[in-house]
1. Find the relative contact order for chain A and round it to a whole percent, using C-alpha pairs within less than 8 Å whose residues are 6+ positions apart.
2. Let's test the formula: R0 of 30 Å, r as the Cβ-Cβ distance of residue B:99 and residue B:153. What FRET efficiency results, to the nearest 0.05?
3. Roughly how many Å is it from the Cα centre of segment A:34-106 to that of segment B:116-161, as a whole number?
4. What is the average number of partner chain Cβ atoms found within 10 Å of a Cβ in A:139-145?
5. Given charges of +1 on the Cβ of Lys and Arg and -1 on the Cβ of Asp and Glu, with all other atoms neutral, how large is the dipole of segment B:364-435 about its Cα centre, in debye to the nearest 20?
6. Out of all DSSP beta bridges with both ends in the protein assembly as shown, state the antiparallel percent to the nearest 5.
7. So, in Å, what gap is there between the alpha-carbon centers of segment B:310-386 and segment B:174-221?
8. Can you tell me the dipole magnitude for segment A:64-168 around its Cα centre, using point charges on the Cβ only (Lys, Arg +1; Asp, Glu -1), in Debye to the nearest 20?
Number of protein chains: 2
Amino acid sequence: MTPAPTGQDPWPHAARTVEQHAAAVLGLLDGITLDARFVPLEQAGGRVLAEDVVAGVQLPPFANAQMDGYAVRADELRDAHDDGEPTLPLTGAVPAGAAPPPLPAGTAAPIMTGAMIPAGADAVVPVEETDPARFPDWLTDADPQPPAGARVRFTAGAAATEPGRFVRPAGSDLARGAVALTAGTRVTPAAAGVLAALGRADVAVRRPLRVLLYSTGSEVVEPGLPLRPGQIHDANSAILRAALNACGTEVVTARLVADAPAALLSALDADVRDAAPDLVLSSGGISRGAFEVVKQSLGGRGVAFWSVAMQPGGPQGAGLLDVGGSRVPFLGFPGNPVSTLVSVEMFLRPALAARFGAPARPRFRAALAEPVTPLAGKQQIRRGTLTATAGGPVVRLVGGPSSHLLHAAATADVLVHLPVTAEPLGVGTPVTVTPLD
Amino acid sequence: MTPAPTGQDPWPHAARTVEQHAAAVLGLLDGITLDARFVPLEQAGGRVLAEDVVAGVQLPPFANAQMDGYAVRADELRDAHDDGEPTLPLTGAVPAGAAPPPLPAGTAAPIMTGAMIPAGADAVVPVEETDPARFPDWLTDADPQPPAGARVRFTAGAAATEPGRFVRPAGSDLARGAVALTAGTRVTPAAAGVLAALGRADVAVRRPLRVLLYSTGSEVVEPGLPLRPGQIHDANSAILRAALNACGTEVVTARLVADAPAALLSALDADVRDAAPDLVLSSGGISRGAFEVVKQSLGGRGVAFWSVAMQPGGPQGAGLLDVGGSRVPFLGFPGNPVSTLVSVEMFLRPALAARFGAPARPRFRAALAEPVTPLAGKQQIRRGTLTATAGGPVVRLVGGPSSHLLHAAATADVLVHLPVTAEPLGVGTPVTVTPLD
């Protein structure tokens with residue numbers, strides 16, 4: 001099963017563009033199914049719907065007032081003006097939450113925003129279009145009833161009120177029976193509001209994607225343990241765990257693996273059996289050195305290795321990993337921490353967003369604050385900080401291109417996608433950026 | 001303490017711009033202190049540092065190889081070429097994680113990416129610049145030692161190797177003793193990586209902001225309960241809870257309150273005493289109707305009411321609420337669900353980002369997909385969907401401007417900030433957008 005590595009490298013890297021590899025990663029996730037569980041609405045924020053949510057009620061459920069004012073029949077208001085007397089007799093007020101009686105002919109009812117339009121009324125005149133421009137004092141009595149003979153005086157302009165003015169029709173936001181939200185939608189604040197408005201106290205969401213995380217390399221040591229000369233602390237597990245958590249996935253097991261193929265394979269067999277991951281994600285061990293543990297262990301198990309035309313993050317591994325008789329989607333990221341970070345943002349997060357509703361990061365344009373010379377033949381992904389200006393966002397590069405400059409990357413708030421060219425770019429050139437969290 | 005409301009409205013709305021109100025909300029949060037707690041690094045992602053993290057080690061901790069190749073002394077490599085024999089005798093290989101012996105004079109050592117540069121070596125020649133362009137087979141032996149007389153042949157170009165080539169100097173990312181991350185920084189994936197690289201197994205983070213959430217209005221009913229005519233389900237609590245969770249805050253209590261000032265005040269006294277919120281946030285009850293429970297209850301308690309030049313979300317309440325002898329920051333959002341959503345994104349989230357490290361949303365420009373006529377005198381905030389194009393993002397408005405169109409807002413991925421003007425904007429006009437989650 002495990003081919004002995006040789007100087008001839010039995011698993012050569014084939015060339016791919018960024019777009020080709022991104023499409024392949026997306027395809028790799030196609031076979032994963034995340035089953036559903038019901039959660040209370042309070043816990044659904046950020047999760048992903050596992051059901052098409054059909055509107056059991058229309059929204060709004062009834063025609064209601066868009067303004068504080070007076071419910072009227074528009075034609076009666078016009079007639080009142082035509083008589084030279086822009087007033088109407090008052091009837092009982094309609095607070096929000098009430099089920100009002102029909103509006104008596106020839107009257108106006110004080111009505112509050114969100115309150116049900118009484119049958120017979122067809123428009124609302126805002127209180128600002130009455131004289132005086134405020135509600136009468138009796139309205140705030142415990143049981144507000146208009147005194148005998150009370151009338152409301154409208155401004156001349158109010159006479160032009162058309163039927164429908166400041167009325168929100170029943171169903172004007174959503175028809176009953178419509179699919180309000182489709183399966184796969186992430187529960188944003190607005191989506192949570194729609195679920196609540198439809199009366200849903202709980203909702204079916206997908207379980208999180210289960211990820212098995214391996215950080216490889218004989219030099220890496222768990223944070224908190226002392227370092228011997230030549231060793232470094234493992235940054236990649238922390239980077240990947242934080243990024244995966246932000247994508248709504250669950251790291252079921254995380255493990256450091258030395259550059260020892262037999263140890264990696266043995267851990268993998270046990271972890272896949274015990275933790276049942278949907279995805280295995282490794283960092284390190286996929287380059288062109290003499291000791292590349294991921295290549296040497298997994299090259300014969302369905303994983304292919306690629307040289308993606310991107311810097312950093314060029315070496316990539318991907319495939320359906322043959323382990324314990326099953327095939328598990330596998331991604332192998334390179335081991336330098338900035339390469340790992342860039343690989344997440346360029347390949348994994350977009351795929352998780354497209355397939356499983358993880359938060360997408362909209363890319364946009366920013367103007368370069370300084371000149372830079374990109375690479376020919378490779379997409380260079382730099383790190384930068386944004387400044388808002390009246391002319392739009394401006395981006396300044398932080399740190400150099402090298403993939404070990406993690407601290408510099410931690411001060412950045414965007415990835416900067418430089419075009420594939422050796423032509424220098426001047427100050428103000430628009431470039432594409434992707435926000436980091 | 002509670003003034004009886006009158007038709008004269010004792011708490012009139014003063015006018016404010018969007019920027020003025022945003023600054024006031026930011027100022028309101030100034031007095032809040034969130035104390036620290038230590039958490040394992042695995043749980044720190046998305047939290048906010050409560051300590052300045054000082055680098056106890058430099059990064060990288062030692063000079064290491066940036067490429068798989070051969071550690072050399074650059075001048076000896078040049079000399080080898082000058083002799084007409086571009087080869088050097090080989091010494092033992094340096095895998096990552098090892099503490100190599102000094103490089104014997106006049107030799108080259110196979111070295112892997114990330115491995116410590118042996119004392120004496122000052123450059124790395126990539127394996128691609130040797131002939132053949134791969135490592136020798138003996139390197140993958142169990143105890144790799146060069147056979148007697150083994151040499152490496154470099155390409156002619158390799159002779160130009162300068163000292164420092166493909167060497168990452170110790171401390172080149174971060175100096176020992178430097179402040180790596182400052183208190184108040186959110187633990188992004190890259191920041192988690194820096195903490196790990198520095199060996200931190202746990203870290204001090206701020207406790208979450210505690211929020212007391214009131215949704216007001218006699219018409220609102222908890223989702224899951226049946227509606228009577230004139231009633232609607234409470235969407236605002238769900239919107240605010242999801243948004244607050246995404247900002248890293250903790251909703252300690254959420255409550256529906258009818259349009260009854262005495263009930264609101266009594267609940268508030270008990271909840272502030274029991275739940276010790278850092279912030280009280282309400283929706284509804286702050287407009288110009290006859291039954292505005294928040295205005296009527298809290299107008300005499302340190303809360304002021306504003307008419308912000310924004311649509312939707314114009315009515316706003318804010319102040320240091322005098323309750324139970326203490327002063328608690330208070331924000332009163334309007335009751336229409338889209339107004340609530342816009343208020344979060346325009347006022348609360350930016351303030352939480354600036355003060356407490358909540359994820360900021362970088363605003364950027366997008367081109368209008370269709371003509372639109374903004375409002376004079378008010379900043380209209382519409383909802384839209386983005387499409388990426390080669391010329392940059394394009395935004396299409398979804399739903400109309402009305403603040404009850406929550407379902408339409410749930411299909412949007414950005415807020416669209418229209419300029420304050422009555423002049424029509426044509427197709428392609430750039431406008432500022434804020435991504436939604």
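1. It rounds to 17 percent for chain A.
2. Once the sixth-power term is evaluated, E becomes 0.60.
3. Between the Cα centres of segment A:34-106 and segment B:116-161 lies a distance of 79 Å.
4. Whole-number average of other-chain Cβ neighbours for A:139-145 is 2.
5. Using Cβ point charges on Lys, Arg, Asp and Glu, segment B:364-435 gives about 100 debye.
6. 65
7. With segment B:310-386 and segment B:174-221 each reduced to a Cα centre, they are spaced 23 Å.
8. Magnitude of the dipole: close to 240 debye.
Here, each number is a calculation from the coordinates, and none is a lab measurement. Predicted model, so just to flag it, every value in this text is computed and none were measured. Quick reminder, even Gly has a Cβ in these numbers, built from the backbone with ideal geometry, and neighbours come from all protein chains shown.
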